[in-house]
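Reviewing the structure listed below.
Throughout, read-outs are computed from the coordinates displayed, never taken from laboratory work. Remember, it's a predicted structure, so these values are computed and weren't measured experimentally. Every residue, glycine among them, receives a Cβ derived from its backbone with ideal geometry; neighbour counts consider all protein chains shown.
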Amino acid sequence: MVKVLAILYSGGEFAKQQPRLLGTVENKLGIADWLKEHGHELVVSDDKEGPNSDFQKHIKDAEILITTPFHPGYLSREVMDTAKNLKLCVTAGVGSDHIDLNAANERKITVAEVSGSNVVSVAEHVLMTILNLVRNFVPAHDQITRGEFGGWNVAAAARDTYDLENKVVGTIGAGRIGYRVLQRLVPFDCKELLYYDYAPLPEEVAKKVGARRVEDLKEFLGQCDVVTINCPLHEGTRNLINKETLQYFKKGAWVVNTARGAIVNAQDMADAVKSGHISGYGGDVSFPQPMAKDHPWRTMFNPNGGGNAMTPHVSGTSIDAQIRYANGTKDIIRRYFEGEAQEPQNLIVEGGQYASKAYGQR
């Protein structure tokens with residue numbers, strides 16, 4: 001018998017209403033019966049904080065850990081030290097930065113995620129958020145639903161409303177998600193599409209979307225009207241956008257981050273939005289997650305009262321994405337049980353080595 005620990009988010013009544021909310025404690029990624037039929041133990045909880053949490057209690061003898069990026073159990077080196085039986089960590093979704101990957105390598109623990117399961121979902125969310133900010137949607141919507149500015153004041157909303165056409169839009173990271181964002185931007189007739197990445201896109205791939213690579217981050221930021229962050233969190237991207245780098249943004253630029261909260265310094269971004277240097281910030285990630293009640297992004301508005309397009313971490317957990325990452329999680333675990341090689345694109349670390357260029361030192 002193998003003990004499997006899954007740290008998922010609680011769906012409550014919503015999980016009962018929608019059984020395809022597979023990433024919830026209630027619906028257990030759809031693998032509970034399958035594991036039981038094969039004689040394995042599954043422990044599922046959303047309790048992940050502190051030494052007395054279910055997470056730290058059950059990790060001690062679990063052989064497989066399942067977590068999600070949306071309600072992550074942070075597997076630090078210290079917690080890993082207590083997990084004597086741990087052999088496999090599965091991210092039900094994409095993004096394994098909640099795991100100390102260097103420590104996993106030292107212990108030869110395999111870390112895998114369901115690569116590609118949410119790329120379309122996130123790319124669509126990025127486009128939605130860009131348009132939300134550029135078109136000043138939230139303040140305009142609040143007039144109707146909350147009666148602000150008398151419930152109908154075109155000028156109050158239109159003063160910060162622009163077209164995406166003829167704007168320069170750039171992505172930090174042009175991988176599976178970043179490239180799909182560029183593809184979806186093409187019909188908007190932007191002035192130019194840029195990307196900043198440690199590796200260039202193949203020439204023919206870049207030509208398909210008309211994207212130009214800018215190798216210097218400061219030059220990249222200074223050219224963009226909109227910056228969207230679509231890169232993994234690792235040693236080279238943590239706190240990448242901070243007080244210093246924010247100085248290189250165009251005044252009035254918009255920023256979207258659906259990657260990881262820790263890529264952006266929370267207080268520095270909030271200050272930049274409040275000052276008006278950044279017109280707006282939108283995304284659905286923070287550090288840690290869930291977002292603290294006093295997190296500066298909850299009360300971050302530009303001088304005109306707009307510029308906040310934050311959501312909880314939903315970009316990669318649409319119903320369609322949940323079906324994909326639940327099926328992928330089951331396949332990864334099945335392969336582990338049967339001694340079958342994992343799909344290479346799903347591997348983050350294996351056998352004490354990084355298997356993905358998206359993580360680790362470059």
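A Förster distance of 30 Å, applied to the separation of the beta-carbon atoms of Lys191 and Arg159, puts the FRET efficiency at 0.85. For Gln267 and Glu49, FRET efficiency with R0 = 22 Å and r from the beta-carbon atoms, rounded to 0.05? Calculated value: 0.50.
Less than 17 Å from a label point 7 Å out along the Cα-to-Cβ axis of Arg213: which backbone N atoms in segment 232-252 qualify, by residue? Flagged as within label range: 232.
When the chain is treated as a GNM with alpha-carbon contacts under 10 Å, the residue of Ala174, Ala15, Ala211 showing the greatest mean-square fluctuation is Ala15. Placing a pseudo-label 7 Å from each Cα along the Cα-to-Cβ vector at Arg238 and Asp142 gives an inter-label distance of 3.4 nm. Computed over the alpha carbons of segment 119-310, Rg followed by Dmax gives 16.1, 53 Å. Once the Cα-Cα distance is subtracted from the 0.36 nm per residue extended length, the Arg184 to Lys36 segment shows a gain of 49.0 nm.
When the chain is treated as a Gaussian network with alpha carbon springs shorter than 10 Å, the biggest mean-square fluctuation among Thr171, Thr82, Thr228 belongs to Thr82. Counting beta carbons within 10 Å around each of Glu350, Glu113 and listing the fewest first gives the order Glu350, Glu113. Available extension along the chain between Asp61 and Gln345 is 99.4 nm, counting 0.36 nm per residue and deducting the alpha carbon span. Checking the cross-link pairs Lys191/Lys218; Lys191/Lys293; Lys36/Lys84; Lys57/Lys293 against a 28 Å limit on the alpha carbon distance flags Lys191/Lys293 as lying beyond it.
Distance between the C-alpha centres of segment 42-101 and segment 288-361: 14 Å, rounded to the whole angstrom.
Taking every Cα-Cα distance in the chain and sorting them into 20 Å bins from zero, the calculated P(r) comes out as 29, 55, 16, 0 percent. Distance cut-off 31 Å, Cα to Cα: go down the list Lys207/Lys274; Lys108/Lys243; Lys330/Lys357; Lys87/Lys207 and report the pairs above it. Where the Cα-Cα span goes over 31 Å, the pairs concerned are Lys207/Lys274; Lys108/Lys243; Lys87/Lys207.
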